[in-house]
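These notes concern the structure reproduced below.
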Amino acid sequence: TLFPYTTLFRSSPGSGLQVTGYIDPVYIVNRNQRSASFYFLDAGEAYTYDHSQVGDVFLRIQKTFGEGLQAPKMDLQLAPARGNGVFNTRSDGTVVPSIVHQALATLPVNDTWGMQAGYSAGYSGYEYYESNLTHTISHNLLYDFSAPGNMVGAGMAYAATNYTMAGKVFIGNEEYFMGGSRAGAAPNRMPSVMARFDYTPNTAFYVGGSAYLGRNTLYSAYDVDGNLACPADAAGYGYQCSSPRAYTTKFQGEVDMGYATADMQYNAELDYGFVEHGAWNGGQAVWWGVSGLVHRKWTLESLGRVGATLRADYLNNARNGGGGSGWYLGSADTPGTDPYNGFGIDQNCFYNDVDADGNSNNGRHCKGANRYALTVAVLAYPSDRWTFKAEYRRDWASLPVFWTSDYLFRRHNDVFSLQTVYTF
């Protein structure tokens, strides 16, 4: 037949349509910031590790056009405040927030291969975005600061007929860019590629991995007065204006695994990545990290179904003053440091890094901070649709890079969170 999807015209408009979602208002107490507040649909709030992708409405609309394995599919995910859309940028780098978290069309070629096109979320790691699928409130350090972001493009997906092996590859724009990125008169014509492979020998265990390779735009640096450190006529790019090009190579790769039974779940992940000329001192930004999670459910006579989670994370980012593509170092008040997420250089080192004549070296000789996090969460499941979570999280850094509300720097921070998730 010339058109194999004739069932599309014989189906009613609502056939093959599935609409699901959730709401997850959250209450967060942040010790260093001396803040305690409810957060929900607050798109204007900072996107930090204690409040990255929680406190939102999530709506997923899936439509299958026909029947069988070779029916085309559309997956549209909307998240108005805390989804991938908060990072959408135009060619000139202007952020244009969108409620679209993912919009991906799949056209099967045969029983195992399918073509995909649209706007895809990243492939990295064991954690889900959706709050009704996670066993904590916050996400791990690798999810927030190592995993590549969303991409616009096209690709292929593969799934073995017995579903033991699956893979996908996606080629598109630079991550976060809706159109081709441009720095002044220099366009980025190099596509980015991300891929993932998973092996699932049984229903309890999987092991997988993903990788991203692309040419990303370098951040511009700011001096202590808040002015662009690179003069208007300078040819350099990056924090120290030391890169001859506005675009540089980024790579990120990881392996992750999971084992789950009716009442237990174990997850682990190992990440590595680098961005050329992306570090604070103008050198190569390098990071590597590990994350592990244990979750258990059980039934109590007085409370019903409950659960508990323990997660530990480590992210090494000391080389060349720190840096990467998941966070920004440097502002008028804290040059070389991301003070809310705890990355970058010690401010005392920045101001004491001077040459023999007393001129500032702009912190080029300072190390970056390494990060640690320990998270403990307890969960209750009053019904199949409702989950209640309480979480305590302690974050450390190897340097005093956490900014307090009274403008001091500490090596650690404590966050306590409460969240209710209602799934529909």
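The values are calculated or read from the model by the stated rules, or taken from the named source; none is laboratory data. Keep in mind that this is a model prediction, so the values were computed, not measured. Note that we place each Cβ from the backbone using ideal geometry, even for glycine, and neighbour counts take in every protein chain shown. Remember, those area values only see protein heavy atoms, side chains included, never the ligands or the DNA or RNA. Shrake-Rupley method; radii C 1.70, N 1.55, O 1.52, S 1.80 Å.
Within region 271-288, is there a residue that is among the hydroxyl-bearing types (S, T, Y), free of Cβ contacts under 8 Å to residues at least 60 places away in the same chain and on the phi < 0 side of the Ramachandran plot? Yes, that holds for at least one residue. Scanning region 115-137 for residues that are in contact (Cβ under 8 Å) with a residue 12 or more places away in the chain, assigned to a loop (DSSP other than H, G, I, E, B) and either open to solvent by 10 Å² or more (accessible area, probe 1.4 Å) or over 24 Å from Y340 (Cα atoms) (or both) turns up A121, G122, Y123, S124, G125, Y126, E127, Y129, E130, N132, H135. For region 396-419, give me each residue that is touching a Phe, Trp or Tyr at 6+ places or on another chain (Cβ under 7 Å) and touching a residue at least 60 places away in the same chain (Cβ under 8 Å). Hits for region 396-419 are V401, F402, W403, F409, R410, N413, F416, S417, L418. Restricting attention to region 358-369, does a residue exist that is in contact (Cβ under 8 Å) with a residue 24 or more places away in the chain, open to solvent by less than 10 Å² (accessible area, probe 1.4 Å), not β-branched (V, I, T) and not in a loop (DSSP other than H, G, I, E, B)? No; the residues of region 358-369 include none that is in contact (Cβ under 8 Å) with a residue 24 or more places away in the chain, open to solvent by less than 10 Å² (accessible area, probe 1.4 Å), not β-branched (V, I, T) and not in a loop (DSSP other than H, G, I, E, B). Here L310 fulfils each of the conditions (1) under 27 Å from Y212 (Cβ atoms); (2) not small (G, A, S); (3) not in a loop (DSSP other than H, G, I, E, B) apart from (1).
For residues that are part of a loop (DSSP other than H, G, I, E, B) and open to solvent by 50 Å² or more (accessible area, probe 1.4 Å), scanning just region 73-92, find the one that is farthest from S138 (Cα to Cα). Filtering region 73-92 for residues that are part of a loop (DSSP other than H, G, I, E, B) and open to solvent by 50 Å² or more (accessible area, probe 1.4 Å), the one farthest from S138 (Cα to Cα) comes out as D92. Among the residues of region 26-72, just one is in contact with a Lys or Arg (Cβ under 8 Å, 6 or more places away or on another chain), in a loop (DSSP other than H, G, I, E, B) and among the β-branched types (V, I, T), namely V54.
Which condition number in (1) basic (K, R); (2) surrounded by fewer than 18 Cβ atoms within 10 Å (Cβ to Cβ); (3) farther than 17 Å from A377 by Cα is the one that R296 fails? The number of the failed condition is (3).
Which residues, counting only those in region 15-28, are surrounded by fewer than 17 Cβ atoms within 10 Å (Cβ to Cβ) and over 23 Å from the mean Cα position of the chain (by Cα)? Of everything in region 15-28, those that are surrounded by fewer than 17 Cβ atoms within 10 Å (Cβ to Cβ) and over 23 Å from the mean Cα position of the chain (by Cα) turn out to be S15, L17, Q18, V19. Cβ separations smaller than 8 Å between residues 6+ apart or across chains give the following pairs from region 29-47 residues that are touching a residue at least 60 places away in the same chain (Cβ under 8 Å) and open to solvent by 60 Å² or more (accessible area, probe 1.4 Å) to residues that are of a type in the set (V, I, T) and in a strand (DSSP E or B): R31/V415. Of all residue pairs spaced 6 or more apart or on separate chains, those with beta-carbon atoms under 8 Å, a first member in region 182-193 that is within 19 Å of M151 (Cα to Cα) and a second member that is part of a loop (DSSP other than H, G, I, E, B) and at pLDDT 90 or above are N188/E174; P191/N173; S192/N173; S192/E174; S192/E175.
For region 248-267, a residue qualifies if it is charged (D, E, K, R) and assigned to a strand (DSSP E or B), and the qualifying residues are K250, E254, D256. Checked against the criterion of being polar (S, T, N, Q) and part of a strand (DSSP E or B), the candidates S383, S405, S417 yield just one match: S417. Quick one: is V193 of a type outside the set (G, A, S), over 19 Å from N162 (Cβ atoms), assigned to a strand (DSSP E or B) and open to solvent by 30 Å² or more (accessible area, probe 1.4 Å)? So V193 fits the description; yes. Taking region 306-350 as the range and being at pLDDT below 95, of a type in the set (A, V, I, L, M) and open to solvent by less than 10 Å² (accessible area, probe 1.4 Å) as the test, only L329 passes. Within region 411-424, the residues that satisfy the criterion of being under 15 Å from S35 (Cβ atoms) and surrounded by 15 or more Cβ atoms within 10 Å (Cβ to Cβ) are N413, V415, F416, S417, L418. Restricting Y372, Y340, Y351, Y422 to residues that are touching a residue at least 12 places away in the same chain (Cβ under 8 Å) and either over 24 Å from the mean Cα position of the chain (by Cα) or assigned to a loop (DSSP other than H, G, I, E, B) (or both) narrows the list to Y340. On the given criteria, is G85 in contact with a helix residue (DSSP H, G or I) (Cβ under 7 Å, 6 or more places away or on another chain) and small (G, A, S)? Considered against the rule, which asks whether it is in contact with a helix residue (DSSP H, G or I) (Cβ under 7 Å, 6 or more places away or on another chain) and small (G, A, S), G85 comes out as no.
For region 268-281, the criterion of being more than 30 Å from P335 (Cβ to Cβ), assigned to a strand (DSSP E or B) and open to solvent by 60 Å² or more (accessible area, probe 1.4 Å) is met by at least one residue. Looking only at residues in region 147-163 that are in contact with an Asp or Glu (Cβ under 9 Å, 6 or more places away or on another chain) and not in a strand (DSSP E or B), the one that is most open to solvent (accessible area, probe 1.4 Å) is T161.
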